[in-house]
1. What is the number of the single condition among (1) touching a Gly at 6+ places or on another chain (Cβ under 8 Å); (2) more than 20 Å from Ala301 (Cβ to Cβ) that Gly243 does not meet?
2. Quick one: in the range 101-117, which of the residues that are assigned to a strand (DSSP E or B) and of a type in the set (A, V, I, L, M) is surrounded by the fewest Cβ atoms within 10 Å (Cβ to Cβ)?
3. Failed condition for Ile257, given (1) over 20 Å from Lys346 (Cβ atoms); (2) touching a residue at least 60 places away in the same chain (Cβ under 8 Å), with all others met?
4. Could you please find all residues in the range 328-368 being within 19 Å of Ile257 (Cα to Cα), surrounded by fewer than 17 Cβ atoms within 10 Å (Cβ to Cβ) and free of Cβ contacts under 8 Å to residues at least 12 places away in the same chain?
5. Any idea which of Glu329, Glu348 is assigned by TED's automatic domain parsing to the domain that holds Leu256 and either in contact with a Ser or Thr (Cβ under 9 Å, 6 or more places away or on another chain) or modelled with pLDDT of 95 or more (or both)?
6. Anything in the range 31-40 that is under 21 Å from Ser145 (Cα atoms) and either part of a helix (DSSP H, G or I) or hydroxyl-bearing (Ser, Thr, Tyr) (or both)? List them, or say none.
7. Take the residues in the range 205-214 that are surrounded by 19 or more Cβ atoms within 10 Å (Cβ to Cβ) and at pLDDT below 95; name whichever of them is nearest to Lys337 (Cα to Cα).
8. Filtering the range 174-188 down to residues that are crowded, with 19+ Cβ neighbours inside 10 Å and β-branched (Val, Ile, Thr), which residue is nearest to Ala19 (Cα to Cα)?
Amino acid sequence: MDAQNPKLRSGYTTGSCAAAAAKAAATSLIKGEKVDTVQITLPGGEEVTFQVSSLNVNCQKASAGIVKDAGDDPDVTHGTTIWAEVELKGNEIQVKGGKGVGTVTKPGLSAPVGGPAINPTPLKMIKDEVKKVLPPGKGAEVVISVPEGEKLAKKTLNPKLGIVGGISILGTTGIVRPMSDEAYINSLIPQIHQTVALGYNHIVLTPGGMGNKMAEKMGVNRDCIAQTSNFIGMMLTESLKSGIKGAVLFGHIGKLIKVAAGIFNTHSKVADARKETLAAYTALEGVAPEIITGIMEANTAEEGVEILKRNKLEKVFFRIAEAVSKRAEEHCSGEIKVGTVLYSLKGEILGYDNSALEIGEVVGWKPQ
């Protein structure tokens, strides 16, 4: 069970599984016999035991597989077998990426360019567990592989981050917390770090894939785009910490209008004031009461958009864009210049502010 939510079961990261697989393979190679279970130490000091799902041993090499159990988290790698092949070699422990483990091709990530996408904590765990088994002065070459990794990577942010050929071996605690906001945010933040590492200090923040594709089609440099999901506030904060000077919030009006109301986690479970905010900014134009009533009775933000367009009130969208930017700048204590671009589900640009135009010149966006 997860301590934060006793109804949900925690699981283990790809890093923990890789460390367990490596220790199982090394143990079998040294002892010359198969092992059914293996115990490792997590970064927090907890001892955990894994079942070894597959094991192959010969006189020079051994390989072991651990099936990843992500608990009740909807992790794309849940049920995937993480393999480690160990060969005694030299006097140091070297860890390499095999089939299905991605290769880093862009700077700004925890792993170096040209190397396998194995983050520092899992790398240390793998080496520590293998070292426990090896005789003094002996080294080994450890190859981590995930046969399904290349296919699974397409469901992650790896292609955008420049990680090619497979998934990443991740984990800072070794444990997967089900539906953890922290884990999700940690998967988004590297996009910002990579933008900065590539030499840019202006960025386009968009909640999801639709905005990402639209921004690219409209000329934005893909290296300057980062997806935020619902965590707009956290991504703005991280942008500030990372030295970003200007940001464009580029998103669907139904998502970004929440920021105009001071809502920086835009998940519906946190808050939802879309109709109220749209109605309030429409009312500032001095419109007839029935228009406000229509917006308040609308089922979706898109229906409210159509009401404004029918009544030739498109200026409201521009007013909302200015309000979103103002709130976002306040969130960052005025240390980042923020612009906003709002679009509809049809892909139509509804409104934007002057800051979006200014920052857009830097990142490659302009109204079409």
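1. (1)
2. Our first condition is that a residue be assigned to a strand (DSSP E or B); within the range 101-117, this holds for 101, 103-104, 116.
Now drop any that are not of a type in the set (A, V, I, L, M), which leaves 101, 104.
Values: Val101: 27, Val104: 23.
Looking at the filtered set, the residue picked out is Val104.
3. Among (1) over 20 Å from Lys346 (Cβ atoms); (2) touching a residue at least 60 places away in the same chain (Cβ under 8 Å), Ile257 violates only (1).
4. Glu330, Lys346, Glu348
5. Glu329
6. First, pick out the residues of the range 31-40 that are under 21 Å from Ser145 (Cα atoms): 34-40.
Within the range 31-40, Thr37 is the sole residue that qualifies.
7. Filtering the range 205-214 down to residues surrounded by 19 or more Cβ atoms within 10 Å (Cβ to Cβ) leaves 205-207, 211-212, 214.
Restricting the remaining residues to those that are at pLDDT below 95 gives 207, 211-212, 214.
Details: Pro207: 18, Gly211: 20, Asn212: 20, Met214: 22 Å.
For the range 205-214, the residue satisfying everything is Pro207.
8. Taking the candidates together, the pick is Ile175.
The values are calculated or read from the model by the stated rules, or taken from the named source; none is laboratory data. Only a predicted model underlies this, so the values are computations on that prediction, with no experimental measurement involved. Methodologically, a virtual Cβ is constructed for each residue, glycine included, from the backbone with ideal geometry; neighbour enumeration extends over all protein chains shown.
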